[in-house]
Amino acid sequence: MKFSTLTTVAFATLASALNIVITNDDTFATANIRAAYHSLKEAGHNVFMVAPVYQQSGKGGTFNLPTKPTLEKDGEFGSVKAGQPAWGYEEEDNHIWYTDCTPAASVSFALDYVIPNFFAGVPIDLVIGGPNEGVNVGPAVYTLSGTVGSSYYAVSRGIPAIAFSASGDEHIYYKDPVHGYEINKDNATYPANIHAKKIVELVNALDKARGDNPRLLPLGVGLNVNFPLVGSEVENNACNNPEYVNSRLTGGAWQLRVAFNETSGAFGMNILLGDQVPGINAALNGNPNLPGETIASAANTCKASISVYSVDYDANIQLEEETRYLFKSVIA
Ligand SMILES: *[C@@H]1O[C@H](CO)[C@@H](O)[C@H](O)[C@H]1NC(C)=O
Ligand SMILES: *[C@@H]1O[C@H](CO)[C@@H](O)[C@H](O)[C@H]1NC(C)=O
């Protein structure tokens, strides 16, 4: 790794090439993000990886920037050493950047620093978060998951975004001599390769469907995609090409609760499901006929769920009017 001033870099010239930023919360050194990056590039897209150097799971949309010019401890898997710059790109590929930021801030780091200063400010067509190591289902992940946080941050900026999450939650270094992406590049049952193939399929489908529309997705809208267990994670490699299905965020969605352990005197977390968390499953928006993604993308279904979300958190007009009435006595 190094950090120095780059001259403006030529970018892909294919007519259908999209300018894509990819990030995650498990770091730039994981197998999943590397496989997705390379597959999107091979499909002809102009891809920029700008992702955290430290594990940022559970950070949601938190917006933390580097506070020092150098790293105080080694990056994930020792990928970058303590004392190296807090952000930089790989010597062999200047489209691969690490940064000491949270995922949402990494997107801004890409849009507001890397792209304008090093890549002539090319317009970004799509931001991809993930694939995350572990599923991200239901609205609760919108305050918890850093991978999802990167995606709704991008949508808030007006850039189409998709968060991808995998059922397999193993934390894998892309250079691991046995389980890594580099050694498994051509392995058809390697889960990260299967996620990557499905990502290219969805991105290219959106590109084709939009016709003359400059946007891949409507303004203020993003997608949340969850993959089941795939490839070598499934007995007899029975799921190498999961089918995409429609879903919604709510419906069987979970929320956390505090659980106090009297024996150990320590706090832990429990998960509350479905009817125990009626608020999150009220289905105020969205299509109630679609299956909740919590159910649709269950690990062993060989189905990948796609939910459509918006970053408009206002209650719809009918609910707003109904609620407004309740506090009208204090309104001027
Ligand atoms: C492909 O990757 C999986 C998961 O790491 C592994 O179990 C399997 O042995 C690999 N296959 C080959 C041919 O290397
Ligand atoms: C509570 O703590 C004890 C002692 O550490 C432990 O053995 C037990 O498994 C814990 N119970 C739960 C439900 O986590």
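Computed from the coordinates by the stated procedures, all read-outs in this text should not be read as laboratory data. All of these numbers come straight from a predicted model, not from anything done at the bench. Using ideal geometry, Cβ is built from the backbone for each residue, glycine included, and neighbour counts are taken over all protein chains shown.
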**Item:** Linear extension gain, Asp112 paired with Ile331, 0.36 nm per residue minus alpha-carbon span
**Value:** 74.8 nm
**Complete:** Taking the chain and a Cβ-Cβ threshold of 4.7 Å, the cysteines left without a partner are Cys101
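Hey, what did the range 172-260 get for relative contact order, percent, Cα under 8 Å, at least 6 apart?
Relative contact order here is 23 percent.
Run the numbers on the range 50-118 and let me know its relative contact order in percent, using alpha-carbon pairs under 8 Å that are six or more apart. Mind showing how you got there, number by number?
On the way: 103 pairs, mean separation 29.8, N = 69.
Dividing the mean separation by the residue count of the range 50-118 yields 43 percent.
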**Asked** Once phi is turned into ³J(HN,Hα) by the Karplus curve 6.51 cos²θ - 1.76 cosθ + 1.60 with θ = phi - 60°, what whole-Hz value does each residue of the range 173-178 show in order, with x for glycine and proline?
**Response** 6, 5, 9, 4, x, 10
**Item:** Amide H partners (placed H, <5 Å) of Ala161, local residues excluded
**Value:** Val127, Leu223
**Asked** Using a basic spin-label model with each label point 7 Å from the Cα along Cα→Cβ, how many nm lie between Ser156 and Asp176?
**Response** 3.3 nm
**Message:** Under the rule a/c < 1.5 gives rounded, and otherwise a/b versus b/c splits prolate from oblate, where does the range 46-122 land using the Cα gyration tensor?
**Reply:** oblate
**Asked** Two-decimal Rg/Rh of the chain from alpha-carbon positions, Kirkwood Rh?
**Response** 0.99
**Request:** On a 0 to 90° scale, report how tilted helix 31-42 is relative to the longest principal axis of the chain, with both axes built from alpha carbons and the result rounded to the nearest 10.
**Result:** 70 degrees
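Might you report the magnitude of the Cβ-based charge dipole of the range 35-89 about its Cα centre, with Lys and Arg at +1 and Asp and Glu at -1, to the nearest 20 debye?
Details: 5 positive and 4 negative charges, 22 e Å.
In total the dipole reaches around 100 debye.
Hey, what number do you get for the chain at 222 nm if only DSSP H runs of n ≥ 4 count, each worth -39500 (n - 2.57), divided across all residues, to the nearest 500?
Values: 9 runs with 73 residues, N = 332.
About -6000 deg cm²/dmol.
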**Fill in**
Placing each pseudo-label 7 Å from Cα in the direction of the beta carbon, Tyr313 and Glu72 end up separated by a distance in nanometres of 2.9 nm
**Asked** Cα axis of helix 146-156 to longest principal axis of the chain: angle in degrees, 0 to 90, nearest 10?
**Response** 80 degrees
**Item:** Under 18 Å from the Phe267 label point (7 Å along Cα→beta-carbon), backbone N, the range 45-65
**Value:** 58-60
**Request:** Enumerate the amide H contacts of Val47 below 5 Å, restricted to partners 5 or more residues apart or on another chain; note that Pro and chain-start residues carry no placed amide H.
**Result:** Ile20
**Prompt:** At a Förster distance of 35 Å, what's the computed FRET efficiency of Glu321 paired with Glu90, Cβ-Cβ distance as r, to 0.05?
**Reply:** 0.05
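Only Cα pairs under 8 Å and at least 6 apart count here; give the relative contact order of the range 141-205 as a rounded whole percent.
Relative contact order, the range 141-205: 14 percent.
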**Complete:** Taking a crude spin-label model, label points 7 Å out from Cα along the C-beta direction, the Phe63 to Val221 distance in nm is 2.6 nm
**Message:** Let me make sure I get this right: for the range 139-226, a, b and c are the square roots of the gyration tensor eigenvalues over alpha carbons, sorted descending. Under 1.5 in a/c it's rounded, otherwise prolate if a/b > b/c, else oblate. Which is it?
**Reply:** oblate
**Potential extension, Val258-Glu235 segment - 0.36 nm per residue separation minus Cα distance** = 4.7 nm
**Asked** What list of whole percents do you get for P(r) of the range 247-332, with Cα-Cα distances grouped in 10 Å bins up to the one holding the largest distance?
**Response** 15, 30, 28, 18, 8, 1
**Asked** Long-range amide H contacts for Thr30: which residues qualify at under 5 Å (H placed 1.01 Å from N, peptide plane, sequence gap of 5 or more or a different chain)?
**Response** Tyr174
